[in-house]
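The values are calculated or read from the model by the stated rules, or taken from the named source; none is laboratory data. Given the structure is predicted, the values throughout are model-derived calculations rather than measurements. For neighbour counting, all protein chains shown are included, and Cβ atoms are generated from backbone atoms with ideal geometry for every residue, glycine included. We work out accessible area using only protein heavy atoms, side chains counted, and drop any ligands, DNA or RNA first. Shrake-Rupley method; radii C 1.70, N 1.55, O 1.52, S 1.80 Å.
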Amino acid sequence: MTSAPPLSAGSPALASPQRPAAAPKHDVTAEQFCARVAWLAPTCPPLATLNQDLAGCPSLIQRELDASHDTMLPIMRCVVDNNECAAAMKCIIAATPDPTSQLRACDASASPGLSAVGVPKTAWAQRNGAGVTKFRDAHSTQARPIEMCGIDAANEWLTHLRCDDGSQAVKSHHDAELTRTGNLGPGGRCGSLIDDYDVTCPERRYEIFMDAYICPLDP
């Protein structure tokens, strides 16, 4: 799955008492999008983090819409036009451009958008998460997340990790999507959008911060 629009943490989640009406087909506003998020979030974990700061949601989304209208609008329509989480997330994945198709420079002060960063292969080989095989050894924070090139690669990495007893907590890409709790906004060494994953093993629960927008440059 690709990354959803930037999310933020804040006050407790608020749920809309009834489903907001869909916006006209030609456009959707930040307010309409956020109202729909509030309605979907209780049954849609990937949207739950954004719903934690419902009051701040419209201004956050409007900034992203102003910065990348052609990219954000189709994603916002996915949320407004679908009544179920699975359908909305499937639509978001289809509507999101491949972030690895055009790499940007590593600049933590730049607007992260949905473009991946290109780093030298020597740095890529030493990235956080390289060679890790157990959840216990996957140390990460929003400032120093696990680094992967694309959502599919991030999901695949999660399926390869094992709990202390050797069990596989994340068995498929679908399982990986279910463990994703939301988008935390910019972080990491290049200011990419950071995803938060919550994985439960027999020994404990692991929170994993993921930057799926770091890719190796060609030689």
Can you name every residue in the range 185-216 that is open to solvent by 70 Å² or more (accessible area, probe 1.4 Å) and farther than 13 Å from N128 by Cβ?
P186, T200, P202, R204, R205, E207
On the basis of being within 13 Å of I214 (Cα to Cα) and either aliphatic (A, V, I, L, M) or modelled with pLDDT under 90 (or both), does P112 make the cut?
yes
With respect to G182, is the statement that it is over 18 Å from P45 (Cα atoms), surrounded by 21 or more Cβ atoms within 10 Å (Cβ to Cβ) and of a type in the set (G, A, S) true?
no
How about the range 120-136: which of its residues are open to solvent by less than 80 Å² (accessible area, probe 1.4 Å) and either acidic (D, E) or outside any loop (DSSP other than H, G, I, E, B) (or both)?
A123, W124, A125, F135
Selection over the range 137-175 where residues are in contact with an Asp or Glu (Cβ under 7 Å, 6 or more places away or on another chain), part of a loop (DSSP other than H, G, I, E, B) and not hydrophobic (A, V, I, L, M, F, W, C) yields a count of 2
When the range 79-93 is checked residue by residue, the ones that are at pLDDT 80 or above and within 17 Å of E177 (Cα to Cα) are V79, E84, C85, A86, A87, A88, M89, K90, C91, I92
Residue check, S3 against (1) at pLDDT below 75; (2) open to solvent by 10 Å² or more (accessible area, probe 1.4 Å), all met but one. Which one?
(2)
Evaluate the range 26-42: report whether one residue or more is at pLDDT 80 or above, loosely packed, with under 15 Cβ neighbours inside 10 Å and closer than 26 Å to G150 by Cβ.
no
Scanning the range 163-177 residue by residue, the ones that are surrounded by fewer than 17 Cβ atoms within 10 Å (Cβ to Cβ), in contact (Cβ under 8 Å) with a residue 12 or more places away in the chain and more than 26 Å from V119 (Cα to Cα) total 6
In the list S172, S167, which residue meets the criterion of being within 25 Å of T96 (Cα to Cα) and either of a type in the set (G, A, S) or touching a Phe, Trp or Tyr at 6+ places or on another chain (Cβ under 7 Å) (or both)?
S172
